[in-house]
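Working notes, beginning with the structure itself.
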Amino acid sequence: MSLPLIPTKPPGKSWREINQERKALKRQRNEEKIIKREKRLALEKEVEVKAKEEAEIEKKNAEISTISIAVPGSILENAQSAELRTYLAGQIARAACIFCVDEVIVYDDIGDKLDTKKSKLEDAEGLKIARKSCVQLARILQYLECPQYLRKHFFPIHKDLEFAGLLNPLDAPHHLRMSNDFKFREGITMNKKVKPGRGSQVNVGLLQDVSSDKLLNPGIRVTVKMLPAVEGSKKLKGKIVSLATPRAETGVYWGYTVRIATNLSQIFTQSPYKDGYDLTIGTSDRGTPIDDLPDKGVKYNHALIVFGGLQGIEAALESDEQLKVDDASLLFNHYINVLPNQGSRTIRTEEAVLVALSSLRSKLKAENEPMIFKETGIATSSIFPQQKQDISDNSGIENNADLSRFD
């Protein structure tokens with residue numbers, strides 16, 4: 001049987017001194033615990049404040065005024081060949097990009113009246129099953145909007161894209177080349193192992209991947225804000241942000257999203273914006289002349305412009321069983337004729353999109369208009385830049401062409 005250990009007094013110290021040292025040590029440990037707790041609380045508060053600030057920024061970004069257009073997928077069925085169908089879709093994409101459209105809605109204006117083939121497509125809201133012509137139009141719109149270096153990841157070989165080589169490129173600002181030095185880039189999360197606590201590796205079209213701040217599933221398209229390089233480090237770092245952030249912070253147009261609606265009513269009911277569209281415009285030769293709208297007199301935050309097919313919006317209304325109105329003009333705030341006294345009996349939808357967006361530029365007034373882009377890092381013109389007009393060579397010919405388009 002072992003006897004309990006009895007604490008012995010160190011030589012040269014009294015019990016009083018020993019007790020004082022123990023109390024001082026205990027007090028020191030308590031102070032260290034308090035300091036650690038305060039640091040932890042301060043860090044948690046800092047994270048909470050940062051999250052709150054980011055939420056406010058996201059909310060502010062979401063309030064920026066947007067323009068959406070809705071076009072029927074049936075316009076492809078009126079084309080005479082597969083090549084013309086592809087090129088027609090490319091015309092819609094070009095018009096949307098030129099006029100900085102934020103959302104393109106492809107809707108079915110025929111419905112189930114005609115027994116046609118269905119197809120599948122992944123849009124902003126998930127997997128959709130819709131009329132084949134609607135899916136093909138939406139797929140080509142998505143393909144053209146996607147930066148070239150990401151297309152092989154998101155668009156495998158498909159019959160709908162057989163003649164994609166005929167299409168004119170959008171040359172949108174977010175289609176960045178490797179030589180462009182801009183603080184935002186589109187990318188795809190890669191299937192690479194990362195250390196615990198680190199974010200996903202993202203391919204943004206550069207020689208090396210970017211280390212992000214969030215761990216996401218591989219194969220997701222993301223918008224990355226490039227962070228300043230750390231001195232002495234060759235690694236690229238970035239922060240994953242929302243799709244609206246580049247335009248909100250810089251004013252640069254950052255492409256459009258694509259949504260499929262299986263009937264006319266879904267254009268309105270499935271709006272991605274919290275309060276829906278506050279301005280709706282229908283286009284028809286039966287509408288009032290666009291000249292009757294006052295200049296900059298039509299205010300909006302989220303505007304929607306709906307175009308009809310071969311038979312007009314009226315035919316889409318008849319095929320939609322959910323809508324109980326007889327007059328198509330009752331669905332919109334404004335029902336307009338974009339080109340009164342037209343010379344042709346009909347204006348094709350792809351022509352109407354260009355005419356309407358051009359004419360409405362002087363009529364619409366955005367409540368939260370994006371700032372004007374004044375930064376550098378992207379090719380703002382494919383012909384000549386606005387600055388450096390005095391530079392010339394010995395031949396007297398100005399040598400100020402922007403060669404970034406040949407990268």
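The values are calculated or read from the model by the stated rules, or taken from the named source; none is laboratory data. Since the structure is predicted, the reported quantities are computational estimates derived from the model, not experimental observations. Reconstructed Cβ throughout: ideal geometry from the backbone, glycine too, with neighbour counts over all protein chains shown.
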Seminar exercise, completed: Within the stretch 215-236, residues being surrounded by fewer than 17 Cβ atoms within 10 Å (Cβ to Cβ) and either farther than 29 Å from GLU122 by Cβ or among the aliphatic types (A, V, I, L, M) (or both) number 12
Seminar exercise, completed: Per the filter on the stretch 187-221, residues in contact with a Pro (Cβ under 8 Å, 6 or more places away or on another chain), among the polar types (S, T, N, Q) and within 18 Å of PHE155 (Cα to Cα) are THR189, ASN191
For this session: Hey, can you tell me all the residues within the stretch 189-209 that are under 14 Å from MET226 (Cα atoms), outside any loop (DSSP other than H, G, I, E, B) and not aliphatic (A, V, I, L, M)?
Result: GLN201, ASN203
Problem set entry | Residue ID - farthest from PRO272 (Cα to Cα), chosen from residues in the stretch 95-108 that are crowded, with 23+ Cβ neighbours inside 10 Å and not aliphatic (A, V, I, L, M) | ASP108
For this session: Would you please list the contacts, defined by Cβ atoms under 7 Å and residues six or more apart or on different chains, that run from a residue in the stretch 40-66 that is farther than 14 Å from ASN368 by Cβ to a residue that is at pLDDT 80 or above and surrounded by 10 or more Cβ atoms within 10 Å (Cβ to Cβ)?
Result: GLU58/SER242
Problem set entry | Selection status of HIS174, farther than 28 Å from ALA303 by Cα and either touching a residue at least 40 places away in the same chain (Cβ under 8 Å) or acidic (Asp, Glu) (or both) | no
For this session: Mind listing whichever residues of the stretch 312-332 are within 26 Å of ARG85 (Cα to Cα) and free of Cβ contacts under 8 Å to residues at least 12 places away in the same chain?
Result: GLU318
For this session: Please indicate, with yes or no, whether at least one residue in the stretch 77-89 is under 13 Å from VAL353 (Cα atoms), surrounded by 21 or more Cβ atoms within 10 Å (Cβ to Cβ), touching a helix residue (DSSP H, G or I) at 6+ places or on another chain (Cβ under 7 Å) and modelled with pLDDT of 95 or more.
Result: yes
Exercise. Taking the stretch 333-345, which residues are touching a residue at least 24 places away in the same chain (Cβ under 8 Å) and over 21 Å from ALA96 (Cα atoms)?
Worked result: ASN333, PRO340, GLN342
Seminar exercise, completed: Pairs returned, first residue in the stretch 265-277 that is under 19 Å from ASP327 (Cα atoms), second residue that is surrounded by fewer than 16 Cβ atoms within 10 Å (Cβ to Cβ), beta-carbon separation under 8 angstrom, 6 or more apart or interchain, are SER265/GLN322; PHE268/GLY276
Problem set entry | Matching option when the condition is acidic (Asp, Glu) and at pLDDT 90 or above, among GLU398, GLU321, GLU350, GLU369 | GLU350
Problem set entry | Which listed residue, of GLY251, GLY255, is out of contact with any strand residue (DSSP E or B) (no Cβ under 9 Å at 6 or more places or on another chain) and on the phi > 0 side of the Ramachandran plot | GLY251
Seminar exercise, completed: Every listed condition ((1) modelled with pLDDT of 90 or more; (2) surrounded by fewer than 17 Cβ atoms within 10 Å (Cβ to Cβ); (3) farther than 30 Å from ILE98 by Cβ) holds for VAL194 save (1)
Exercise. On the given criteria, is GLY111 surrounded by fewer than 22 Cβ atoms within 10 Å (Cβ to Cβ), under 19 Å from LEU310 (Cα atoms) and not polar (S, T, N, Q)?
Worked result: yes
Problem set entry | SER68 being at pLDDT 90 or above, under 25 Å from the mean Cα position of the chain (by Cα) and either in a loop (DSSP other than H, G, I, E, B) or under 18 Å from GLY308 (Cα atoms) (or both) | yes
For this session: Output yes when any residue across the stretch 129-139 is surrounded by 22 or more Cβ atoms within 10 Å (Cβ to Cβ), in contact (Cβ under 8 Å) with a residue 60 or more places away in the chain and in contact with a Pro (Cβ under 7 Å, 6 or more places away or on another chain), and no when none is.
Result: no
Exercise. Which residue pairs have Cβ atoms closer than 8 Å, lie 6 or more positions apart in sequence or on different chains, and pair a first residue in the stretch 352-364 that is in contact (Cβ under 8 Å) with a residue 12 or more places away in the chain with a second residue that is small (Gly, Ala, Ser)?
Worked result: VAL353/ALA95; VAL353/ALA96; LEU354/ALA95; LEU357/ALA95; LYS363/GLY297; LEU364/ALA303
Exercise. Name the residues in the stretch 285-297 that are buried (at least 18 other Cβ atoms within 10 Å of the Cβ) and over 24 Å from ILE75 (Cβ atoms), would you?
Worked result: LEU293
For this session: Please enumerate the residues belonging to the stretch 129-155 that are over 18 Å from the mean Cα position of the chain (by Cα) and part of a helix (DSSP H, G or I).
Result: LYS132, SER133, CYS134, VAL135, GLN136, LEU137, LYS152
Exercise. Quick one: in the stretch 179-191, which of the residues that are within 15 Å of LEU207 (Cβ to Cβ) and polar (S, T, N, Q) is surrounded by the most Cβ atoms within 10 Å (Cβ to Cβ)?
Worked result: ASN180
Exercise. Would you pick out the residues in the stretch 244-296 that are assigned to a helix (DSSP H, G or I) and not charged (D, E, K, R)?
Worked result: THR245, PRO246, ALA248, THR250, LEU264, SER265, GLN266, ILE267, PHE268, THR269, ILE290
